[in-house]
1. If you scan region 13-58, which residues turn out to be open to solvent by 80 Å² or more (accessible area, probe 1.4 Å), out of contact with any Ser or Thr (no Cβ under 7 Å at 6 or more places or on another chain) and among the charged types (D, E, K, R)?
2. Restricting attention to region 2-12, report how many residues are open to solvent by 60 Å² or more (accessible area, probe 1.4 Å) and touching a residue at least 40 places away in the same chain (Cβ under 8 Å).
3. Where in the chain are there strands (runs of 3 or more DSSP E), lying wholly inside it, with at least 1 residues that are of a type in the set (D, E)?
Amino acid sequence: MDLPAEIRIHNDLLGIKGGRGTLVAVSPHGFYEAKCAFGGKTHRVLLPIESTVVIFREPEPEFEPGVEIER
């Protein structure tokens with residue numbers, strides 16, 4: 001995963017549904033570090049991994065059937 005990455009954020013605790021942000025880091029301490037716009041300004045936010053869904057804005061590339069990809 002390449003960081004920073006443009007993301008959509010869903011977090012019921014904070015009432016965020018599809019909010020736009022930039023994922024900066026994933027902490028081994030259990031949170032995502034992201035930058036989000038609130039009130040016209042950009043803020044750094046720490047989102048708990050256990051209650052947050054992060055969706056990358058860029059979709060995965062599609063490959064033709066029968067083409068094997070080594071991961």
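The values are calculated or read from the model by the stated rules, or taken from the named source; none is laboratory data. Not measured: the values here are computed from a predicted model. Using ideal geometry, Cβ is built from the backbone for each residue, glycine included, and neighbour counts are taken over all protein chains shown. Heads up: the accessible areas ignore ligands, DNA and RNA and are worked out on the full protein's heavy atoms, side chains in. Shrake-Rupley method; radii C 1.70, N 1.55, O 1.52, S 1.80 Å.
1. K17, R20, K41, R44, E50, E58
2. 3
3. In the chain, 5-11, 31-38 are the strands (runs of 3 or more DSSP E) which contain 1 or more residues that are of a type in the set (D, E).
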